Amino acid sequence: MKPLLFASNQAYSGKSSFCVGIGILLKEKGYKVGYMKPIITLPFPIEGQIADEDAKYISKLFDINDDISDISPVNYIELLRTVSPKNLEKNPENFLDKIGKSYEKLSAGRDILLIEGARTIEDGMHLGISAREICRKVDAKVIVIVRYADEMLDKVLYYSEFFQDTLAGIIVNLVPGEYVNRLKTEVFPYLEKNKIKIFGYVTSDNILSSVSVKDIAAHLEAKVLSAEEKQGELVEAFMLGAMGHDLALSYFKTKTEKAVITGGDRADIQLAALETGTKCLILTGNFSPSSIVVGRAQDLGVPILLVKYDSITTIEKLNEILGHTGFHEFKKIDKIVKITRDSIDLEAIISSVE
């Protein structure tokens, strides 16, 4: 089987998730599956060296014991900071050969190697390590994960020209429910007429776009005041509490699986939130809540996160983390596998790389 590279039209489109889902299903079928993320885009210290955070987690998930320096051989983020075009001209380093050598080690004894691309298709072009160049180097097929958008037809046609015969097909991700019919009756028939293979589509999912309380706390540099053991809970929505108690109570009841952001001095809002399916309280301004609120949150198993930022800054920082929600919770892994099994044509993918 040929190696299979997952690329995407923009960052956080689902490459890691589909790599995980397809990899697990291939392993269930008895295939010996390997994995690499050759371009480090999420630097993470591992065993005295820098690797990629997603690579670290997926390798563990797949029970892979290969050298992390081969799984993630090129630190793209560091190169962006340190390598100038002049340096490349004076001291050309063949990063593509480095990736190729690591690929040879990782593919030995395996039926298929899954390769996770960088943030976007064009990342690494000036270094000679774009997704297209990696595919050509290791004779891989590529699946492009496309986030649904009105302009996706133009993008997909461009990717078909860009990758040419290395394109296996596409998966359309994060499709709003109201656009599914248009996708199936207009977009897909057009792409099929242009000989572009569609392996499936996935609608937007609250669980997959959720973020754990633990990740929220880390990103906000928060102090956890209650129910620390519940930081694995997933938050699917954020609500800002800045009204009176009665109005807050009815407002908070409109959503479950939420985090409520409010000032540390608003005990009335905090208590209303605790009674309405709240996964965590985010208290701004570094103002500690009353012991009554902390005690009630502890009884209900709701973490309180105390942050130093004001409400506006907190919301801005939360928007940052929503861009990369991660998939490291078991609840998400189970969901990813189910979605892949139900929505993606795995047999067609296997046929494309045989």
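The values are calculated or read from the model by the stated rules, or taken from the named source; none is laboratory data. Values in this document were obtained by computation on a predicted structure and should not be read as measured data. Here the Cβ is made from the backbone with ideal geometry for all residues, glycine too, and neighbour counts use every protein chain on show.
Candidates are the residues of the stretch 1-56 that are β-branched (V, I, T) and over 21 Å from I171 (Cβ atoms); the one that is modelled with the lowest pLDDT is I46.
The residues of the stretch 243-264 that are out of contact with any strand residue (DSSP E or B) (no Cβ under 9 Å at 6 or more places or on another chain) and farther than 25 Å from G232 by Cβ, listed by number, are M243, G244, H245, D246, L247, L249, S250.
Residues considered: I196, I143, I129. Of these, the only one that is in contact with a Ser or Thr (Cβ under 9 Å, 6 or more places away or on another chain), part of a loop (DSSP other than H, G, I, E, B), in the same structural domain as P85 (by TED's automatic domain parsing) and of a type in the set (A, V, I, L, M) is I196. Here I134 meets each of (1) more than 27 Å from I40 (Cβ to Cβ); (2) of a type in the set (V, I, T); (3) assigned to a helix (DSSP H, G or I) with one exception, condition (1).
Of all residues in the stretch 94-126, those being in a loop (DSSP other than H, G, I, E, B) and either in contact (Cβ under 8 Å) with a residue 12 or more places away in the chain or buried (at least 24 other Cβ atoms within 10 Å of the Cβ) (or both) number 11. Contact map, the stretch 220-241: residues that are closer than 16 Å to I315 by Cβ and touching a residue at least 60 places away in the same chain (Cβ under 8 Å) paired with residues that are assigned to a loop (DSSP other than H, G, I, E, B) and aromatic (F, W, Y), Cβ distance under 8 Å, separation 6+ or inter-chain. Pairs shown: L220/Y309. Only one entry of Y35, Y31, Y12 meets the criterion of being touching a residue at least 60 places away in the same chain (Cβ under 8 Å), over 21 Å from the mean Cα position of the chain (by Cα) and either at negative phi or not in a helix (DSSP H, G or I) (or both), and that entry is Y31. Just one residue in the set D246, D268, D342, D299 is assigned to a helix (DSSP H, G or I) and closer than 30 Å to I198 by Cα; that residue is D342.
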